[in-house]
Amino acid sequence: MTNLEVGVGPHPKPWPDDERLDPELLENGDRRNVIDKYRYWSNEAIKSDLNNSRVSLHVAIENWQHDFNIGTIVRTANAFNVETVHIIGKRHWNKRGAMVTDRYLNIKHHNSVQEFVDEMRLDSRIITAVDILPGAKPISECKLAEKTVLVFGGEGPGLSKEMQQAASQIVMIEQFGSTRSVNVGVAAGIAMYIWVQQNVLTHHI
């Protein structure tokens, strides 16, 4: 079986005169997991371009136990081009699952839940926690505001009590099998897509 390399090889010379392009990538090839538009672009140029088309959604993750799912959530946030990702708790997080997509996102760190909540309130942003908890509303029945921040807890412990109390609403993803909950990385992808359906895709119909 042939092992096909991802991306493109070195760019033939003469190189294009474009300040967005990275000379090292032009010289050695671009094997990153990026769409064709961004081939040979520097990471800074890609992030700058994405900043021009971000959706208004924010995503927040409580990082108390160095959860490996954070990388998956960050990668999904990049796929939907969310405006900002907030990491609450430990500054360092497992980036392996992010597949370096964190380089193209606006990521902010908050030492505590209260610090995060204060900033969201100053921004008039609706804190929507996602977890299977008593009293949580089915997400399919909820209208997610344009200025929403979706908050996810760690795999296992879920959302902290402090975050549950600070949230404007708690929503749950309906499920019908035997397991108690879906993986938090999967849940984050579902919740982000529902927000996109309600606030982005409907504008293009």
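The slack between residue 119 and residue 96, meaning 0.36 nm per residue of separation minus the straight C-alpha distance, is 5.5 nm. If you roll a 1.4 Å probe over the chain with all protein chains in place, what percent of the accessible area is carbon or sulfur? Carbon plus sulfur share of accessible area: 52 percent. For residue 60, nonlocal amide neighbours, meaning residues 5 or more places apart or on other chains whose placed amide H falls under 5 Å from its own, are 86, 150, 151, 152. Using only the Cα atoms of the range 76-205, build the gyration tensor, take square roots of its eigenvalues as a ≥ b ≥ c, and label the shape rounded, prolate or oblate: rounded if a/c is under 1.5, else prolate if a/b is larger than b/c, else oblate. Judged from the Cα gyration tensor, the range 76-205 comes out rounded (a/c under 1.5). Taking each residue as 0.36 nm, the span from residue 181 to residue 50 lengthens on full extension beyond its C-alpha to C-alpha distance by 43.9 nm.
To the nearest 0.05, how large is the calculated FRET efficiency for residue 111 and residue 155 if R₀ is 22 Å and r is the Cβ-Cβ distance? So, using R0 = 22 Å, E works out to roughly 0.55.
Checking every one of the chymotrypsin sites (Phe, Trp or Tyr not before Pro) in the range 103-205 against DSSP loop status and a limit of 10 other Cβ atoms within 10 Å picks out 176.
For each pair in 37/143; 13/95; 47/147, compute the distance between the two Cα atoms and list the pairs where it is over 26 Å.
37/143; 13/95
Within 10 Å of each candidate Cβ there may be at most 16 other Cβ atoms; applying that plus a DSSP loop requirement, which chymotrypsin sites (Phe, Trp or Tyr not before Pro) in the range 1-75 survive?
Passing both the DSSP loop test and the Cβ count: 64, 68.
Remark: the Cα gyration tensor places the range 54-150 in the rounded category, a/c being less than 1.5. Applying 0.36 nm per residue to the separation of residue 190 and residue 19 and subtracting their alpha-carbon distance, the gain on full extension is 57.8 nm.
The values are calculated or read from the model by the stated rules, or taken from the named source; none is laboratory data. Remember, predicted model here, so these are calculated numbers, not experimental data. Virtual Cβ from ideal backbone geometry, glycine too; neighbours counted across all protein chains shown. For accessibility, only protein heavy atoms count, side chains too; no ligands or nucleic acids. Shrake-Rupley method; radii C 1.70, N 1.55, O 1.52, S 1.80 Å.
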